[in-house]
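What follows is calculated from the coordinates using simple rules that are stated; it is not laboratory data. As the structure is a computational prediction, the values presented were derived from the model and not from experiment. Note: ideal-geometry Cβ built from the backbone for every residue, glycine included; neighbour counts use all protein chains shown.
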Amino acid sequence: MWPDNETERDFLNFAGVAETIAEIVVQAHGRPISIGVSGSWGIGKSSMIKLTQASLSKRQPKEGEREFIFVEFNAWLYQGYDDARAALMDVIATKLEVEAKNREKGIDKAKALLKRVNWLRTAKLVAGSAVSMAFGLPPTGLISEIWSLGQRAFSSGIDEKLVNDAKSTGEELAEASGGLLNSRTETSPPKEIQALRDTFEETLDELGVTLVVLIDDLDRCLPETTISTLEAIRLFLFLKNTAFVIAADNDMIKHAVRKHFEGVPDDLLVTNYFDKLIQVPIRVPPLGTQEVRAYMMLLFVENSELDDETKEKIRAGVCLQLSQTWQGKRVDRAFVQSLHAEIPSTLIGKFDTADRLAPLMTTASGILGNPRLIKRFLNALAIRMTISNAQGVGVDEAVLAKLLLFERLGNAKAYAELITAASTSDSGKPAFLADWEENANAGKDLALQAPWDDPFIQEWLKLPPLLAETDLRGALYVSREHAPLITPEDRLSSEAAELLAALLQYPDMAATLKDRIVKVPRTETTVMMDRLLDRARQEQEWGAPPILDACLVLSEADPAQGARLAAFLSERPEAQIQPNIIPKIGDQPWANGIFDRWEHNHVSRQVKAAIKGKRENGNVTI
């Protein structure tokens, strides 16, 4: 599994772009600069921000150059809990106060800056209430409490409770204002804002640093939060020794500005507002097939058992090769194998998966080379393979990956038809795909009807392995959380459906139902055994689980199902087999073959001893 977090480790050769952003900040030489890192959701903007910070952090200041200090701000975290404008101001002021204490200089200026930010917070609270009252609306915040107390005094008179409430509210208001309302009676918001800007510049000057503010996830915010954050940026913008690096999708930001100026028909105003805030726009480069293939391979390397030094060597080699793909150099399985002599065979198999999937991951409209979506796809694949292994469902990872790709990117109705075809087939094979797969791989154009008339389908059909002759029931079983199987019970009579429900709910009572099960047609007992074996695959120990009783009764009622049960038990991992299963199945006509298999495999000594004891007692035909 791979966490969906930003990283300072470069898997996509983004370091070149990050170095460019860092160089722009350095070359500003203290002049104010704002840089917008744009790109769609999940494309890697947050990682680009981290890489930029890492690049600036490792630079050694030359003589006369200032040290960089960083403020990281995620507006999305404050949405719904705090005013983003006030929160950003507070984060910046607090960071400078901490730096001043650590450096033992500029402390007074930093404290003054924080005090002014607190005043503006309080002033906003009071001003908001005053505006509400001016328009005849109910006041808000602490002023609302005072207003309410006044209304109570006017209508009901003054009593002891009112006096206590008034005292408490007054103390709360004084605490919120920090005493500033009394001590700065002649000030005003415009004066305080200019004083704050002046104090901010003076603090940076005394500290001798350049402040780099890294703002992330702005495009996840609601328009009001986005605008609030942009307004706070504007407050500090164009001040000496500051740099703002803002990661956001340009279209989302413009949407927020457009909502803010709703009713203004001139779209030029939106563009001008955006351009004023973002001086240098930089777009995260989209990924091509080479980058997608490299990214998937490096994710597999990251999750492998290789040591950290080897992982880093492979990562660096891949990124170097990516920087030279314009010269025709490729990042593929053969190249990655050349970076390390002893890559495990299981990891090479993963590289093959990346080779096969990369072209579709790059071009399919549902992913389009988006790193976050690629990671989510691989996580979903890993989860399903884990389920498959845990429940003993032998599923080929390549088959599962191909189905998952269709589920995520194909037409939903077409996928439902595929599931239905596999589920209703006795062999679990979607035979209708045979001609399509043959023609697609021969390079012929397919004139498919809806819902299959999608360019994605032709590319998907070419993707190995071919599915027309593949039993998909196991793969569909472990994929049920998103694509439920078309239930085979739809083909059962009322009697068979009732018996199946009873066997699943009360498997240990199955013997009482045998007389009724004998009368069920074989076409229906086959479907019933399918469902019982599906349930049985969830068992992790095979001694005498209740579901085995149900399977045995059904196999005795219809001997043809005994061979299926025998095959199922033969496929169970040896470690799951317990000695108490031996007497349970020992009298079955098919038991001898299973015992032979287990005796020659690595079942426990206790199981082998139980088999020997059963045979020596003459209860099993040899």
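What FRET efficiency comes out for the pair I383/S494, r = Cβ-Cβ distance, R0 = 25 Å, nearest 0.05?
The pair I383/S494 has a calculated efficiency of 0.10.
Provide the FRET efficiency to the nearest 0.05 for the E574-S304 pair, computing r from the beta carbons and using R0 = 25 Å.
0.40
Students often forget the sequence filter, so: which lysines lie under 30 Å Cα-Cα from K584 once same-chain residues fewer than 8 apart are removed?
K514, K519, K608, K612, K614
Collect residues whose amide H, placed 1.01 Å from N in the peptide plane, falls under 5 Å from the amide H of S40; neighbours closer than 5 in sequence don't count.
none
What's the local net charge at F335, with K and R +1, D and E -1, over the other residues with C-beta under 14 Å away?
So the environment of F335 carries a net charge of +2.
Put +1 on the Cβ of each Lys and Arg and -1 on the Cβ of each Asp and Glu in region 491-616; which of V527, V607, G562 then has its Cα farthest toward the positive end of the dipole?
My answer, from the dipole projection, is V607.
With a Förster radius of 56 Å, plug the Cβ-Cβ distance of S604 and A442 into 1/(1 + (r/R0)^6) and report the FRET value to the nearest 0.05. It would help to have the intermediate numbers written out before the result.
Numbers: r = 52 Å, r/R0 = 0.92.
Working from the Cβ atoms, E equals 0.60.
Given 10 Å bins starting at zero, what is the percent of C-alpha pairs of region 219-316 in each, up to the one with the largest pair distance?
With 10 Å bins starting at 0, P(r) equals 12, 31, 20, 19, 14, 3.
Which ³J(HN,Hα) values, rounded to whole Hz and listed in residue order, are derived for region 409-423 from phi using the Karplus coefficients 6.51, -1.76 and 1.60 in 6.51 cos²θ - 1.76 cosθ + 1.60 with θ = phi - 60°, glycine and proline given as x?
10, x, 5, 4, 5, 5, 5, 4, 5, 4, 4, 4, 4, 5, 6
Label-point separation (nm) for K612 and D435, each offset 7 Å from Cα along Cα-to-Cβ?
6.0
Once both labels are modelled 7 Å past Cα along the beta-carbon direction, what's the Q337-D205 spacing in nm?
Between Q337 and D205, the simple spin-label model gives 6.5 nm.
So what are the ³J(HN,Hα) numbers for region 503-518, from phi and the Karplus equation (6.51, -1.76, 1.60; θ = phi - 60°), rounded to whole Hz, Gly and Pro as x?
Result, rounded to whole Hz: 4, 6, 7, 10, x, 6, 9, 4, 4, 6, 9, 4, 4, 6, 5, 4.
For the pairs K111/K191; K45/K254; K375/K444, flag any whose C-alpha to C-alpha distance is greater than 22 Å. Numbers along the way, then the final one.
Working: K111/K191 18 Å; K45/K254 17 Å; K375/K444 33 Å.
Exceeds cut-off: K375/K444.
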